[in-house]
Amino acid sequence: MNPAINEKHPATGQADQQEADRELRGQVRRAGALLGDVLQAQARSEVFDTVETLRRGFIGLREADDAEERARLMALIDALPAETMTEVTRAFAIYFNLANLLEELHAHRTRRSLAADGDPRWLGSFNRTFTDMAAQGVALDDLMGRLQTLSFIPVFTAHPTEAKPRAVLDALRRIFEWFHELAFGNPDALKREEIEEHIRQNIQVLWKTEELRGSRPTVEDEIRNGLYYFRASLFASVPQIYRNLEKAVANAYGKPHVDAPTVLTFGSWIGGDRDGNPYVTARETRYALRMQSREILSEYLRRIDDLSSRLSFSARWCSPSDDFWASLEADEQRIASHSGVRPERYAAEPYRRKLYLMRRRLAAMVDQIQTELRLRAERSERTSLAYESADALIADIRVMRESLAGHGDEVIAEDQIKDLQRLVETFGFHLARLDLREESTRHTQCVHELFAALGHDIDYESMDEAARVEFLNAELARDDMPAIGRVDVSSDVNDTLESLAVVREFTRTLGNAAFGSYVISMTHSASDVLALLWLMRVTGVYEPGATSAPPLSIAPLFETVADLEHIEPVLDKLLANTHYRAFIEAGESDDTLRQEVMLGYSDSCKDGGIMTSRWQLYRAQQEAVALCERHGVDCVLFHGRGGTVGRGGGPTHQAIMSQPPGTVRSRIKFTEQGEMIFAKYSNPETAVHELTLGVTGTLKASCSQASDADYSDIASRLADTGEAFYRDLTENTEGFFDYFQAATPTAEIGALNIGSRPGSRPSKAKLDKSSIRAISWVFAWAQSRHTLPGWLGLGTALAEVETETLQSLYREWPYFRTIIDNVQMSLAKADMSIATEYARLAEGQHHIFDAIQGEYDRAVQGILKITGEHKILDDDPVLQTSLDRRRPYLDPLNHIQTAALTRYRENGDRAWLDPVLRSINAIAAGMRNTG
């Protein structure tokens, strides 16, 4: 669901909650009426009539099932022409987008109302967090020390389960702003009518805008799409977060002014994730780095222009500091030496003059990037006017703030100019730290081919692990690395080497901050990491003994259940390796050695099911942190989560707080994927909320103490039982994968053009569970309302343990409670009556659906016994109401999808593919976190 309503809600009274829900329902109804106005004016009459008939009919069926009425509605859907089916589906998709925006706005209004009343009750707020810490005796100096080391790092990835075109994003943003004006602007009747007309016009724009891509997006499209969210919300959100943080600390501790340290860092995989995506090359990585830098530099220019219009102080009426005058003189000399002319502009207005000179330097950087983008340049240059680092720009801003404060204008120094400083501290000149990712087998191939091309009689690929480690150790011990500039290797190997060359090149212009980690997917052994370390040596990215730190850290990614089980021996061998130890020692400047370890939620769940995935991940975190501690290294965990529960999704704050105690060590990374990027970061209000939850969750989890209770035996038992059922059904039941392909739109999803990366792994000759990517696996099951990856195996597992024991775990163990609460969401989104319709598409395999239905029933029964509730999600009425509100609109979409699938698969008529694809988009919008 909408992340804005995903966290547990404030303990408002039942009457308040009912009133708030009535208000939201009224707004959704009004939005639906405005959509109806557009349909009546712009669509064929039968489209509006069909939408209304289906909407009212399925609402009635949810209230009281009537077999005759259901048959009538199904007959109506079956009789729809393809074109009408397409338009009806589009109408429902727009409705869901409007409902999503209103739920997001409603959650924001609820939090804002509580804050206005001085009520800090919403979970994860800065007010509640710092007030609680002060009450617990945490001193202000201690709190500030903890914040000094804290870093919450969301990492944007190009793993879409929906991909809205830019025009659709813009229209939805405008609609949100107009609804925001209705909610908070207190408009009179005339103004309200004007606002509603604006909303109606933008709905009309949505109706006339093509929401499906005509072709698969390129990597460059994905890069530009990722940048949209920084511009749309994050540039406004980040300064606001720091304002809120500082105000909350001041309120909790009674100190009037607090200067908060930087607690947010952003990362990205878009343009750097090469794993299984042949379209991500060095060219795309260069493009990503330049576009990111241009985006943030352009934002700085916009803000400097705004500041210049405000800071019109005359030298006659203020006395800037000596440091300010010295800084101004240095800038004047720099620009004069560059252009031969000393600038004269704003000679009597010192602050405007300083901003003008700062702007000249930043604009020169943008011009250089523009030139390189236009020429697709393989080399990156730094213009002589450029700031040597973001720290130099921060120093300029700081000297201005101190000067302003020195002549009584501290209130101005703490306003927009401080916001600019916050942006530079957070985004630098790089915007987001770009991670690279590649599969371990590619590095094995690189080492093998390079030594063959260099004339060495070595068959690296055929070596066992011990031989590989011994060989790499010997090569890493050499002072003279082989020259590989002109060796003859395959295009795949050359691509990998070029990507490392890009790192070397852009480190010189953007600095080490431009890059994050090199993630090695499918890490099975220490040699997988040492192979990359050797490649970094021969490409000049890393040189032992160099004065500067390596621009990349290395993050092994443990994905499958088997890999998670072997995490300790792999890390132990790696951290004991002399050459790797030297590498991590070279990467730190604060005397703290760090090793980043990435954990894959998606593949482990697809591999062994939800319970064994979560338990193995829990144990892997404990083992990784304990092992790193034994080696004197701090472990930074990187969680590869998706949007849905089957891919590690769920409420951010709750997810962080349920990590094993002692494993969140002031830093945590999370991937942000698919439709969740749109849901969290489209609007500044929601982005502030989500990022606040991440920061406070990281802070509190870093302070958590381990419990004396040991639940590992029960958890292992649940995991083993759940995995056995899951594997037996998904791997050992004949025809299961055929059922998956027939009873879900998995094949058709590939035609939706929502991502540049292929949906299956090309190296797999046989189509089975292992050949399909986890994203496609989860997304397809969500479409057919099975939501199977989010709960399969849990029902059988819960049935094997005494109810009293499970209830005790649910009360006392946050980890287990989070699993159960998240699984409840998956079960609530499933609908076995709808799934039955999809099961009919898989002829002769109803026994597989019967097994799924049985496990679903066991999961529901088991969870209700644990929670003591009468219905799934009874303990989260806001989320339950939201789902209930959506079902009458989702149901006809699923029936439309099965009808269109049947026709398309029977005769291959592409006229029926269109409503299939539209329904996939619409159902994703209705279910939200589906991938």
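Our estimate of slack between V366 and N251, defined as 0.36 nm per intervening residue step minus the Cα-Cα distance, is 37.3 nm.
Across the stretch 620-629, rounded Karplus estimates of 3J(HN,Hα) from the backbone phi angles (6.51 cos²θ - 1.76 cosθ + 1.60, θ = phi - 60°) give 4, 4, 4, 5, 5, 5, 5, 5, 4, 4 Hz, Gly and Pro being marked x. Here the extension length gained between L864 and E19 equals 301.4 nm, from 0.36 nm per residue of separation less the Cα-Cα distance. Where only DSSP H runs of four or more residues are counted, the chain gives -20500 deg cm²/dmol as its mean residue ellipticity at 222 nm, each run worth -39500 (n - 2.57).
In terms of surrounding Cβ atoms within a 10 Å radius of their Cβ, R918, R345 rank from fewest to most as R345, R918. Ordering of 442-455, 173-186 by packing is 442-455, 173-186, highest average first (other Cβ atoms within 10 Å, averaged per residue). For the peptides 565-574, 515-524, 776-785, the ranking by mean Cβ contacts within 10 Å, running from highest to lowest, is 776-785, 515-524, 565-574. Pairs spanning more than 23 Å between alpha-carbon atoms, out of K354/K418; K573/K700; K606/K680; K164/K208; K247/K669; K164/K680: K573/K700; K606/K680; K247/K669.
Remark: spin-label model distance A709-L301 equals 5.8 nm, labels positioned 7 Å along the Cα→Cβ axis. The shape of the stretch 267-427 comes out prolate: with a ≥ b ≥ c from the C-alpha gyration tensor, a/c is at least 1.5 and a/b beats b/c. Shape class for the stretch 307-362, computed from the alpha carbon gyration tensor (a ≥ b ≥ c): prolate, with a/c not under 1.5 and a/b above b/c. Of all DSSP beta bridges confined to the chain, the antiparallel ones make up roughly 5%.
For the pair the stretch 714-755 / the stretch 574-593, the C-alpha centres are spaced 41 Å from each other.
Show me the ranking of peptides 717-729, 608-620 by mean Cβ neighbours inside 10 Å, starting with the highest.
Details: 717-729: 20.6, 608-620: 26.5.
So the peptides 717-729, 608-620, ranked by packing, come out 608-620, 717-729.
A crude spin-label estimate for the pair A64 and A562, with each label 7 Å from Cα along the Cβ direction, gives 5.8 nm.
Length available on full extension from S491 to S808: 0.36 nm per residue minus the Cα-Cα distance, which gives 108.4 nm.
Taking the number of Cβ atoms within 10 Å of each Cβ as an exposure proxy, the fewest-first ranking of F313, F130 is F313, F130.
We did not get these values from a lab; they are worked out from the coordinates using the rules stated. Please read these numbers as outputs of a predicted model, since none were measured by experiment. For neighbour counting, all protein chains shown are included, and Cβ atoms are generated from backbone atoms with ideal geometry for every residue, glycine included.
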